[in-house]
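Participant: Take this structure first; my questions come after.
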């Protein structure tokens, strides 16, 4: 695995094993680039001044690449795909319409609809035009319909868009915030067979177990 102990490693991932940091780690593993990790606690180091200087939101993940700081999972995925073109995690620039569409669909309508539903936010019919996703059902139908027609979202090959969208679907189905559908489960099965996904997941599972032992 490309984790590095070198203090001068160009890539540093600030994360927590039970967070959206799992998305960034999977993407890093897909690139094959060496990186170091800094594991933060939600209530302490994640809110400390030195970390807030990197990410004033006090959330993870944050990726530091030399002097570049990238936050937000969709941005991290897109940035890494561009920075490591040899990994072929983005289509050629002239063929990125679907790639960009689904990256930002997941960052906007998908996440917003899932969070609102989880929090019990009720969107009345007259309010649908006010929210970018319209309705939760429409978001899910749109995504399922696309996955029924093609194995990957960003084009004919796996891409960073699949890392980001797939992570949300896998996580949502695991915790019941996204209802299972055959299209989603088939997609998740393809994604979870990828060696980079399995490596990233194993790292975060091991970290989570360590944190649980410390807090016991």
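Rule-based calculations on the coordinates, nothing more; no lab input. Since this is a predicted model, take the numbers as computed values, not measurements. Neighbour counts are summed over all protein chains in view; Cβ atoms, including those assigned to glycine, are modelled from backbone coordinates with ideal geometry.
Participant: I need to check one value: relative contact order of the chain, counting alpha carbon pairs closer than 8 Å and at least 6 residues apart, in percent.
Facilitator: Relative contact order for the chain comes out at 22 percent.
Participant: Next question. Return 163, 64, 38 ranked ascending by Cβ neighbour count within 10 Å, so the fewest neighbours appear first.
Facilitator: So the residues, fewest neighbours to most, are 38, 64, 163.
Participant: Answer rounded, prolate or oblate for the range 106-213, using the Cα gyration tensor with square roots of eigenvalues a ≥ b ≥ c: rounded when a/c is under 1.5, else prolate when a/b is larger than b/c, else oblate.
Facilitator: Oblate.
Participant: Can you compute the radius of gyration and Dmax for the range 11-88, using only the Cα atoms, both in Å?
Facilitator: 11.9, 38
Participant: Given a cut-off of under 8 Å on Cα pairs at least six residues apart, what relative contact order in percent is computed for the range 11-88?
Facilitator: 37
Participant: May I ask you to sort 111, 30, 185 by Cβ crowding, counting other Cβ atoms within 10 Å and putting the fewest first?
Facilitator: 185, 111, 30
Participant: Of all DSSP beta bridges located in the chain, what percent are antiparallel, nearest 5?
Facilitator: 60
Participant: If the viscosity is 1.567 mPa s and the temperature 4 °C, what translational diffusion coefficient in µm²/s does Stokes-Einstein give for the chain when Rh comes from Kirkwood over Cα pairs?
Facilitator: So the translational diffusion coefficient is about 71 µm²/s.
Participant: Does anyone have the angle between helix 182-192 and the longest principal axis of the chain? Alpha-carbon axes, 0 to 90°, nearest 10?
Facilitator: 20
Participant: Which of 113, 159, 215, 118 has the fewest other C-beta atoms within 10 Å, and how do the rest follow up to the most?
Facilitator: The order, fewest Cβ neighbours first, is 215, 118, 113, 159.
Participant: How do the peptides 188-200, 125-137 rank, highest first, by the average count of neighbouring beta carbon atoms within 10 Å per residue?
Facilitator: 188-200, 125-137
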